[in-house]
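Structure first, then comments.
A short reminder: the numbers here are calculations on the coordinates, not readings from a lab. Everything quoted here is computed from the prediction, not taken from an experiment. Note that we place each Cβ from the backbone using ideal geometry, even for glycine, and neighbour counts take in every protein chain shown.
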Amino acid sequence: MTTATLTGSTVRLTLHTWSETFPLELLPSRIALYRGLRDRDGGAYAAIYEPTVAALEDLEQGDSKSVGTSGEKPQVEG
């Protein structure tokens, strides 16, 4: 399960039991980070990182209709 939640100017990214909270202004750099992880070694890690990239990109676009790893939708609060 991967969710990206926006509360005010704070983003919370949750992946199973791990989570990260960061300022909204860092969202583009987090997307770049997870895209790089997804694409490294010719896409060998795409299945692991694509749900995170999708959730963050959808949050950036203000779209709460994207799909995470288990079919759940990212949450937009605030």
Quick check on the stretch 1-16: of everything there that is touching a strand residue (DSSP E or B) at 6+ places or on another chain (Cβ under 7 Å) and among the polar types (S, T, N, Q), which residue is surrounded by the fewest Cβ atoms within 10 Å (Cβ to Cβ)? Ser9
Output for Cβ contacts, cut-off 8 Å, separation at least six or different chains, first residue within 10 Å of Ala4 (Cβ to Cβ) in the stretch 46-62, second surrounded by fewer than 16 Cβ atoms within 10 Å (Cβ to Cβ) and of a type in the set (Ser, Thr, Tyr), reads Asp58/Ser64
Taking into account only those residues within the stretch 3-48 that are in a helix (DSSP H, G or I) and acidic (Asp, Glu), which is farthest from the chain's Cα centre (by Cα)? Asp41
